[in-house]
1. Go over the candidates A:V232, A:V268 one by one and state the one that is over 30 Å from A:S201 (Cβ atoms), of a type in the set (V, I, T) and more than 14 Å from chain B (Cβ to nearest Cβ).
2. Identify, from the list A:Q95, A:Q104, A:Q117, the residue that is within 14 Å of another protein chain (Cβ to nearest Cβ), buried (at least 20 other Cβ atoms within 10 Å of the Cβ) and farther than 25 Å from A:N53 by Cβ.
3. Starting from the stretch B:92-106, keep only residues that are under 11 Å from B:T116 (Cα atoms) and more than 7 Å from chain A (Cβ to nearest Cβ), then list their pairs with residues that are surrounded by fewer than 24 Cβ atoms within 10 Å (Cβ to Cβ) and charged (D, E, K, R) whose Cβ atoms are within a distance under 8 Å, requiring at least 6 positions of separation or different chains.
4. Looking at this structure, is A:Y164 closer than 22 Å to A:M39 by Cα and touching a Pro at 6+ places or on another chain (Cβ under 7 Å)?
5. Mind counting the residues in the stretch A:155-181 that are surrounded by fewer than 24 Cβ atoms within 10 Å (Cβ to Cβ) and hydrophobic (A, V, I, L, M, F, W, C)?
6. Which residues, taken from the stretch A:113-172, are within 13 Å of the chain's Cα centre (by Cα), β-branched (V, I, T) and over 19 Å from A:A305 (Cβ atoms)?
7. Quick check: anything in the stretch A:264-275 at pLDDT 95 or above and farther than 25 Å from A:Q117 by Cα?
8. Please report, ordered by residue number, the helices (runs of 4 or more DSSP H) entirely within the stretch A:1-87 with at least 3 residues that are in contact with a strand residue (DSSP E or B) (Cβ under 6 Å, 6 or more places away or on another chain) and within 13 Å of chain B (Cβ to nearest Cβ).
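The values are calculated or read from the model by the stated rules, or taken from the named source; none is laboratory data. Everything numeric here is computed off the predicted structure, so don't read it as measured data. Quick reminder, even Gly has a Cβ in these numbers, built from the backbone with ideal geometry, and neighbours come from all protein chains shown.
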Amino acid sequence: MRPFAIEPASDAAVAVMAAAKGGGDVQYLAGGTTLIDLMKLDVLAPERLIDINPLAREHGAIVAGPGGLRLGALVRMSDAAVHPAVRAGWPVIAQTLEAAASPQIRNMASLGGNVLQRTRCAYYRDTRWAACNKRTPGSGCAALEGVNRRHAVLGVSEACIAAYPGDFAQALIALEAVVVTLAPGGGRRIAFEDLHRPPGSTPHLETNLAPGELIVAFEIPRAPWAARSLYVKIRDRASYDFALASAAVALDMDGARVREARIALGGVASRPWRARQAEGALRGTVLDEASAAGAARAAFAGARAHGEAAFKRELGQRTLVRALLAAGAMEV
Amino acid sequence: MADPTPPTGPSRRRVLGASAGAAALPLAARAAPDRGPGEPTAGDALMVLRVNGQERRFTADVRTTLLDALRERLALTGTKKGCDHGQCGACTVHLDGRSALSCLTLAIAAQGHEITTIEGLSPPGGPLAPMQAAFIEADAFQCGYCTPGQIMSAVACVKEGRTGSDEEIREAMSGNICRCAAYPHIVAAVRAVAGRGFA
């Protein structure tokens, strides 16, 4: 691990100013489950860490009200997963958190850090491979012709086919969450859908956060579809594994008919992925095997598979069909 | 790893040779941790960790993980280094009573938290903790390398009441890999302790 300096943050505004001034050489440290791992691998080499865990006093609460849910960015994954109001009002959030990582990691990892976790692409994580546009801009992509079974088929580019690995983000994008940030000179509210950037020709730029901008909370509206929501995650192992394909769905039903649907797909896309075409295909239809399959086809119409990842087109569709039918059958 | 963490002080052998590990370090003149608000710390830093109910002081590079601090500075070698990347669970300890990975925790950031290691579960020379005894009774290990981490997760699993079914136990224990595949016996040990109502 490269040498660094570390300081605890006692005040969020001060921390944000310091981080903005340091630009790319500064990283915030929360749970550390991504950061310390990637620093050991020499993939990340910040000169300075700002330990933001002391900020949990202001940004570590879960508040559920009539209008919606506010999750502080320093809430730990395990605490949000067991929170009764989260489980009752937004079950897909609890399920994405429970299906992710291991108990130890869920106890450590913050919600803010979780959505910013880095891809598990082996070529990104292993610096012995020179070609990785995400790690070294302009160096190429070893995964295009390499071991790419776990890679993305939606939202990929010729510069990068790495999959976004997270689960929680799929719940947030499906439920139209808002990201609340602090930045020098104030803060802002960003639609979760606008947090992550498509890889395009600049896969090293993963989010639209400015240098030093700090996520302090997520706000999730209490929408009519939030309670009838769930997460289906398909992986190689029974637990403690990243998704090969996953689906977060939320349905507002009028009897057997779908009034509104919200759908996100994990394990198959370059970033948190909202499947608007699938939502549109379902709107107003009677939910059954055929309409769910139609929505799944729409979701993967634009898929572009490289090499070993081709199976994800079919697996992703079947995963979504299973999730939709299960959500339709929920007692709400 | 391209750039391994450089040695941060006495070797394990020398620490183990000294009485109580931390006593071997020259700390007499320094009283408080180097963690005042807004003061960046680099290189060697004095750290104060509360481990198994005792305050332990030592100096180490700020890059030192809690795992390396426990093993190399405090001579608590019960906590094991497996993958060192948060994938195997061998390094599991409790931070404020919850299971956590000491290999992905910086020692300097663990200050102010209550740290419990496998050594803290039962008094030296005293009777084993119920989960330790249950692992022996259920034959829940072969080589034993993952066992301290397994036991720390198992104690947390029972304390949190995640023992309603074997499936729930397996999920609660999913962060601990056992290369000898002692999994069925580990589940049996956890089930036994949960049934008796103590951990």
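1. Numbers: A:V268 fails: over 30 Å from A:S201 (Cβ atoms).
After ruling out the rest, the residue left standing is A:V232.
2. Values: A:Q104 fails: farther than 25 Å from A:N53 by Cβ; A:Q117 fails: farther than 25 Å from A:N53 by Cβ.
Of A:Q95, A:Q104, A:Q117, the one residue that is within 14 Å of another protein chain (Cβ to nearest Cβ), buried (at least 20 other Cβ atoms within 10 Å of the Cβ) and farther than 25 Å from A:N53 by Cβ is A:Q95.
3. From residues that are under 11 Å from B:T116 (Cα atoms) and more than 7 Å from chain A (Cβ to nearest Cβ), the pairs are B:H94/B:E114; B:L95/B:E114; B:D96/B:E114; B:G97/B:E114; B:G97/B:K159.
4. Values: closer than 22 Å to A:M39 by Cα: yes; touching a Pro at 6+ places or on another chain (Cβ under 7 Å): yes.
In short, yes.
5. Filtering the stretch A:155-181 for residues surrounded by fewer than 24 Cβ atoms within 10 Å (Cβ to Cβ) gives A:155, A:157-159, A:165, A:176, A:178, A:180-181.
Now drop any that are not hydrophobic (A, V, I, L, M, F, W, C), which leaves A:159, A:178, A:180.
The number of residues fulfilling the criteria is 3.
6. Within the stretch A:113-172, just A:V115 meets the criteria.
7. Looking only at the stretch A:264-275, we keep the residues that are at pLDDT 95 or above, and these are A:264-275.
Cutting the leftovers down to farther than 25 Å from A:Q117 by Cα gives us none.
No; the residues of the stretch A:264-275 include none that is at pLDDT 95 or above and farther than 25 Å from A:Q117 by Cα.
8. On the way: elements: A:12-22, A:35-40, A:56-59, A:77-82.
Per the criteria, A:12-22.
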